[in-house]
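Beneath this line is the structure, given in structure tokens, with notes to follow.
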Amino acid sequence: MAARGGDVMSTPAPAPRLSLGTLDAVEAGHRPRVDPRALGVGVVHLGIGAFHRAHQAVYTEDAVAAAGGDWGICGVTQRSRSVVEQLGPQDGLYTVLAHDAGGSSARVVGAVRELLFAGEEPGRLRALIAAPTTRLVTLTVTEKGYRHDPATGRLRRADPDVAADLDGWSTARPPRTVVGQLVAGLAARRAADAGPVTLLSCDNLPANGAVLRGLVGDFCAALPDGDGLREWIAASVRFPSSMVDRIVPATTPADRDQVQRLLGLRDEGVVVTEPFRQWVVEDDFAAGRPAWERAGAVLTADVAPYEAMKLRLLNGSHSTLAYLGLLAGHEHVADAVADDGIAALVDRLMAHDVVPTLAVPDGFDVARYRQDLLDRFANPALHHRTLQIAMDGSQKLPQRLLGTISDALAAGREPRAACLGVAAWMRYVSTGRSEAGVALPVDDPLAARLGEVTAGAGSPAAVVDALLGLPEVFGTDLPADARFRALVEEALEVLTRDGVAGAVRESVAS
């Protein structure tokens, strides 16, 4: 088997599993920064996927190592038992494997002290949120996990699971949506008089704290006895915003084999990432927090400028790379960036379309940040799949590209590169195939609706009309803007006629 860096290595023989019982066999340089056995739980985290384990959990362990505190994490998985099955036999331990062109580094993280599958233990989840020892509930549930309309930020009460949670409130049916679970836990906390708590969203949503506050309020407003709960939440719960940044591709068997060679132990919970990490957090907490600033996080009164830069520069570029790359047949982000035309288009997107819309914090070198992003995208060791980034596009476009487009049009500029990114998404969801005819699965909560509205669209103009008719994605203002419609239609026509190479060439030259 080919290892990273080109060396040929065989698959290692079976080894003991990573756990507290085998941790002493791990070399000191790879061990957790704190003793996991001595760490009490103070954080409940919803959505314990790879990103959380590579990002917030690492910051939290480093903060405890620097300043102490019982800030161990109970990780809650929402959709399946897979993370519980990976980490349960390992006592919550797992390895963070960081790759760059210069090599790899590995560290075992011990911040996750308990695990819970919400689908099997809803009562335990509610009790944990209500426990006085829980002072912080954090979330990485992806954009679609909020069950909201990205264009309006409001709770989708017509969503079948949201409606079932509301209908089941009086019959004590356990809620299945994230917002329903949070409200149930907060109601139990209020009944137990367990004190204030903070709910911290770490997902890629603009003003994610305010969005979460609004969704919790919308859910309470739909309950027959929700007024009292809503008043208690307003007085006792904080919803700070945050901005997170670390690229975390899917783990491969080769990554697990590499960790086994490094540690001498088998780890089924390996997460893969890059050396870079960033976290900006609004410093508004009701019941304390870990000393994340001691771990390198930025605690600030205003996350918005950092958030806009990251969502529009990194995430907007990432989505544009993903859709153009998929159509052109590039499996990984690094392959797409190696395509000179796509790289030039992304550079133009950042410099011409995005940067003029930003309120850059004083002293922040945005030109350096742009170049760093291109360098990070080009990291050949990450193997970040374009198809992974392309998931859930209907939920991502508003904050990643549409905000940039709206602001640019309002300033009298033509955001051609950003509109090509939107057109590439339209081409991807309406055809489901690359230029070479390879099938591309559309993994999106609106996949059926996207297929339905584009089924009879026989021209680029018809595809644009069909998709701009989805207010849950595009709202109502942008579709009514003739300039936006013309730019997207032109981009999709060129993309359809001349392919990715022709479309990026024309966009960069314009």
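The values are calculated or read from the model by the stated rules, or taken from the named source; none is laboratory data. None of these values were measured; they are calculated from a predicted model. For neighbour counting, all protein chains shown are included, and Cβ atoms are generated from backbone atoms with ideal geometry for every residue, glycine included.
In the set 206, 150, 175, only one residue is touching a helix residue (DSSP H, G or I) at 6+ places or on another chain (Cβ under 6 Å), closer than 30 Å to residue 393 by Cα and at pLDDT 95 or above; that residue is 175. If I filter region 499-506 for residues that are modelled with pLDDT under 95, more than 23 Å from residue 444 (Cα to Cα) and outside any loop (DSSP other than H, G, I, E, B), do I get at least one hit? The answer is yes, given that some residue of region 499-506 is modelled with pLDDT under 95, more than 23 Å from residue 444 (Cα to Cα) and outside any loop (DSSP other than H, G, I, E, B). Considering region 145-182, and only residues there that are β-branched (Val, Ile, Thr) and either in contact with a Gly (Cβ under 6 Å, 6 or more places away or on another chain) or assigned to a loop (DSSP other than H, G, I, E, B) (or both), the residue that is nearest to residue 311 (Cα to Cα) turns out to be 152.
Quick check on region 350-358. Is at least one of its residues crowded, with 21+ Cβ neighbours inside 10 Å, without any contact (Cβ under 8 Å) to a residue 40 or more places away in the chain and of a type outside the set (S, T, N, Q)? For region 350-358, residues crowded, with 21+ Cβ neighbours inside 10 Å, without any contact (Cβ under 8 Å) to a residue 40 or more places away in the chain and of a type outside the set (S, T, N, Q): present.
Conditions tested, residue by residue: (1) surrounded by 19 or more Cβ atoms within 10 Å (Cβ to Cβ); (2) touching a residue at least 12 places away in the same chain (Cβ under 8 Å).
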{"site": "468", "(1), (2)": "yes, yes"}
{"site": "472", "(1), (2)": "no, yes"}
{"site": "481", "(1), (2)": "no, yes"}
{"site": "484", "(1), (2)": "yes, yes"}
{"site": "491", "(1), (2)": "yes, yes"}
{"site": "495", "(1), (2)": "yes, yes"}
{"site": "498", "(1), (2)": "no, no"}
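For region 86-144, a tally of residues being in contact with a strand residue (DSSP E or B) (Cβ under 8 Å, 6 or more places away or on another chain) and in a strand (DSSP E or B) returns 22. Looking at this structure, is residue 98 more than 30 Å from residue 219 (Cα to Cα) and of a type outside the set (D, E, K, R)? Judged against the criteria, residue 98 is a match. Among the residues of region 20-31, those identified as more than 17 Å from residue 96 (Cβ to Cβ) and outside any helix (DSSP H, G or I) are 20, 21, 22.
This table checks each residue for (1) in the same structural domain as residue 61 (by TED's automatic domain parsing); (2) over 22 Å from the mean Cα position of the chain (by Cα); (3) among the aliphatic types (A, V, I, L, M); (4) surrounded by fewer than 15 Cβ atoms within 10 Å (Cβ to Cβ).
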{"residue": "81", "(1), (2), (3), (4)": "yes, no, no, yes"}
{"residue": "87", "(1), (2), (3), (4)": "yes, no, yes, no"}
{"residue": "91", "(1), (2), (3), (4)": "yes, yes, no, no"}
{"residue": "98", "(1), (2), (3), (4)": "yes, no, yes, no"}
{"residue": "112", "(1), (2), (3), (4)": "yes, no, yes, no"}
{"residue": "115", "(1), (2), (3), (4)": "yes, no, yes, no"}
{"residue": "120", "(1), (2), (3), (4)": "yes, yes, no, yes"}
{"residue": "123", "(1), (2), (3), (4)": "yes, yes, no, yes"}
{"residue": "129", "(1), (2), (3), (4)": "yes, yes, yes, no"}
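Out of all the residues in region 446-455, is one or more more than 24 Å from the chain's Cα centre (by Cα), surrounded by 15 or more Cβ atoms within 10 Å (Cβ to Cβ) and either hydrophobic (A, V, I, L, M, F, W, C) or assigned by TED's automatic domain parsing to the domain that holds residue 331 (or both)? Looking through region 446-455, at least one residue is more than 24 Å from the chain's Cα centre (by Cα), surrounded by 15 or more Cβ atoms within 10 Å (Cβ to Cβ) and either hydrophobic (A, V, I, L, M, F, W, C) or assigned by TED's automatic domain parsing to the domain that holds residue 331 (or both). Could you list all residues from region 100-110 that are over 21 Å from the mean Cα position of the chain (by Cα) and of a type in the set (Val, Ile, Thr)? Scanning region 100-110 gives a single hit, 108. Do we have any residue at all in region 218-240 that's within 19 Å of the chain's Cα centre (by Cα) and closer than 30 Å to residue 331 by Cα? No; the residues of region 218-240 include none that is within 19 Å of the chain's Cα centre (by Cα) and closer than 30 Å to residue 331 by Cα. Counting residues in region 39-60 that are part of a helix (DSSP H, G or I) and farther than 28 Å from residue 253 by Cα gives zero.
Selection over region 437-459 of residues that are charged (D, E, K, R) and part of a loop (DSSP other than H, G, I, E, B) gives a count of 2. For residue 53, the stated conditions do not hold, so it cannot be described as out of contact with any Cys (no Cβ under 9 Å at 6 or more places or on another chain) and free of Cβ contacts under 8 Å to residues at least 40 places away in the same chain. Residues considered: 113, 135. Of these, the only one that is basic (Lys, Arg) and within 24 Å of residue 24 (Cβ to Cβ) is 113. In the set (1) out of contact with any Leu (no Cβ under 7 Å at 6 or more places or on another chain); (2) in a helix (DSSP H, G or I); (3) more than 21 Å from residue 425 (Cβ to Cβ), the condition left unmet by residue 403 is number (3).
With the requirement that a residue be farther than 17 Å from residue 30 by Cβ and either at pLDDT below 95 or of a type in the set (A, V, I, L, M, F, W, C) (or both), what does region 88-106 give you?
Matches in region 88-106: 100, 101, 102.
Evaluated against (1) at pLDDT 95 or above; (2) within 24 Å of residue 208 (Cβ to Cβ); (3) over 20 Å from the mean Cα position of the chain (by Cα); (4) not acidic (Asp, Glu), residue 141 falls short on exactly one condition, (3). In region 456-463 there is no residue matching the filter, namely being at pLDDT 95 or above, among the hydroxyl-bearing types (Ser, Thr, Tyr) and either at positive phi or crowded, with 16+ Cβ neighbours inside 10 Å (or both).
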